[in-house]
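The structure under discussion appears below in the form of C-alpha cells.
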Amino acid sequence: AAKAAGKDRAVVYEAALRETRLRRLAIVERLRTALLTDEITVHYQPIVTLRTGRVDAVEALVRWQALPPDAFIPAAEDSGLIVPLGEQVLRAACRAAAPWHARHGTSVTVNVSPRQLREPDFAVTVRRALLDSGLPATALILEITEGVLVGSALTTAHLNELRQDGVRVAVDDFGTGYSSLAYLRDLPIDILKIDRSFLRPGPASEPMIRAVVDLAHSLGLVTVTEGVETAEQAAVLVALGCDRGQGWHFGRPSPAEQVTALLETGTGARLIDREAP
Ligand code: C2E
Ligand code: MG
Ligand code: MG
Ligand code: MG
C-alpha cells in the first residue's frame, strides 16, 4: 500500500511538473509578443539617505500588466528572453534617469540577471545604453544577486570592466542566498542591499542588521535596507548606522513622470499617487 501511495505521489508530482512547464511556456510566448509592443514598462522606487530623507537613487522595476515580476522573471530567465527584456529595461532606465541625474544628481539602479552577465557582450550593451542616453557611468548601479558572483570569471570580468568606467555594483537581497562572507571581501561590489526579511520583527532582527551593517562598513561598502514600511523601522535603521533605505515608507514604485515630480518637490517627500499595495 505504501509503495502504491508512493507511486501515486510520483504520478501527481510529474503531472504538476508538466503543468508548471506548460504554464512557463505559455508565459514565454506571451512575453515574446509583449516585448515587441509597449506592454512592458518600468517603474522607479526611491532609495533615500536615512538621516536626511534625500533621494539618492531610484530602482528600476519592470512592469507588465499581465503578471508581477516574480511570476515572469523566472520564465524569462529560463527561456533566455531576459536578455532582450533586461536590455529594454536598462535602456529605458538610463534614458529616464539622464535628466534626473542632470537636475538632481540622482542615480538609477537596474536589476541584472545571471543570464545577462554571461552574455559575452554584456559590458558593451551597458556602455551603449549609457552613451545613447547621456547618463554618466557614475550614475548607474547594477544590482546582482549573491549567487551570481560565485565562480564565474566572465561575470567578474564584466563587472570589473564596468566598475573601471565608474558604474557601481550592488548585491541585492543580501542574506537570502548562499552567503559566503568571503565573497564580500573578494568581489567587485560597492553596495550591500540587506533583504527586507531582516526587518521581520523578532529578537534577532536588530543585532543581525547591526552586524551586517558593521561588516559592510568595515569593507567600505554602502548599506541599503529594503522593505522599510514604517517610520519606526526607518528610525531603528538610523540608530543601527545603516546608510540608506528603500520601501513603501519612502515611496512605492511609480511611473517616470511621477518620479520627475517627486524629485522636483525635494527631499523626503512621499509619492502622491502610489502603486496600489
Ligand atoms: P528586488 O530587486 O529585490 O526589488 C524590490 C522588490 O520589493 C520590488 O518588487 C518592490 O516593489 C518590492 N518592495 C519595495 N518596497 C517594499 C516594501 O516596503 N515592502 C514590500 N513588501 N515590498 C517592497 P517587484 O517590483 O515585484 O520585483 C520583484 C523582483 O523581481 C525584484 O526584487 C527583482 O529581483 C525582480 N525584478 C524586477 N524588475 C526586474 C528587472 O528589470 N530585471 C530583473 N532581472 N529582475 C527584475
Ligand atoms: Mg533589486
Ligand atoms: Mg531586493
Ligand atoms: Mg529580488
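The values are calculated or read from the model by the stated rules, or taken from the named source; none is laboratory data. Please read all numbers here as calculations on a predicted model, not as lab measurements. Because the Cβ atoms are built from the backbone with ideal geometry, glycine has one as well, and the counts that use them run over all protein chains shown. Keep in mind that these areas ignore ligands, DNA and RNA; they rest on the heavy atoms of the full protein, side chains included. Shrake-Rupley method; radii C 1.70, N 1.55, O 1.52, S 1.80 Å.
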Prolate/oblate/rounded call for segment 45-118, Cα gyration tensor, a/c under 1.5 rounded:
prolate
Taking all protein chains as present, what is the carbon and sulfur share of the accessible area of segment 17-139, in % to the nearest whole number, probe 1.4 Å?
54 percent
Using only the alpha carbons of segment 142-261, what is the convex hull's orientation-averaged projected area in square nanometres?
8.5 nm²
Under a 5 Å amide H to amide H cut-off, with H placed in plane at 1.01 Å, what residues pair with S107 once short-range neighbours are removed?
A57, V58
Using the Karplus equation 6.51 cos²θ - 1.76 cosθ + 1.60 (θ = phi - 60°), what ³J(HN,Hα) coupling, rounded to whole Hz, does each residue of segment 188-197 give in order, writing x for Gly and Pro?
x, 10, 10, 9, 10, 9, 7, 4, 5, 4
Segment 55-70 - phi-based ³J(HN,Hα) in whole Hz, Karplus 6.51/-1.76/1.60, Gly and Pro as x:
7, 7, 8, 10, 9, 7, 10, 5, 10, 9, 4, 5, 8, x, x, 4
Let me make sure I get this right: for segment 1-65, a, b and c are the square roots of the gyration tensor eigenvalues over alpha carbons, sorted descending. Under 1.5 in a/c it's rounded, otherwise prolate if a/b > b/c, else oblate. Which is it?
oblate
Could you derive backbone 3J(HN,Hα) for segment 254-261 from the dihedral phi with the Karplus parameters 6.51, -1.76 and 1.60 (θ = phi - 60°), listing whole Hz in sequence and x where the residue is Gly or Pro?
9, x, 3, 4, 6, 5, 4, 5
Output for segment 99-187: chymotrypsin sites (Phe, Trp or Tyr not before Pro) sitting in coil per DSSP, at most 10 other Cβ within 10 Å, listed by number, reads Y178
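Please work out the average accessible area per residue across the chain, using the 1.4 Å probe convention, and give it in Å². Mind showing how you got there, number by number?
Numbers: 13960 Å² over 277 residues.
Per residue, the chain has an accessible area of 50 Å².
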Degrees separating the helix 82-104 axis from the principal Cα axis of the chain, which is the longest one:
10 degrees
For the chain, what Kirkwood radius comes out of the mean inverse Cα-Cα distance, in Å?
20.0 Å
